[in-house]
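The numbers here are math on the coordinates, done by the rules we state, and not lab data. Nothing here was measured: the structure is a model prediction, and the numbers come from that model. Cβ sites come from the backbone with ideal geometry, for glycine too, and all protein chains shown count toward neighbours.
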Amino acid sequence: MIGIDYNKKMYILKLKIWRGEDYHKKGLMQLREYLDQYGLSQGYLLIFDFRKLKEETEKANEVNVKIENRKKRIVEVYC
């Protein structure tokens, strides 16, 4: 996890290597927990994807993760 404090605002960035869907879901949950810790509603997940699927790299998605009535917005970027 990387925390960036810029212009009086905190940004949380989680770095992961693509190792399958279960590992990916675990990363989303870890990031949601970090966001809860810092009282933030949005974070960023940077996924290093070494598969040969060209359509997966350079792709960005927005995901809403909700657990126990807490919703977090996560921006995923594949590279």
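If R₀ is 25 angstrom, what is the calculated FRET efficiency for the pair Asn69 and Gln42, using the beta carbon separation as r and rounding to 0.05?
Efficiency at R0 = 25 Å is approximately 0.90.
³J(HN,Hα) across the range 10-21 via Karplus (A = 6.51, B = -1.76, C = 1.60, θ = phi - 60°), whole Hz, x for Gly/Pro?
9, 10, 10, 10, 10, 9, 9, 9, 5, 9, x, 5
How long are the three semi-axes of the equivalent ellipsoid of the chain, in whole Å, if each is the root of 5 times an eigenvalue of the C-alpha gyration tensor, listed from largest down?
Result for the chain: semi-axes of 22, 15, 10 Å.
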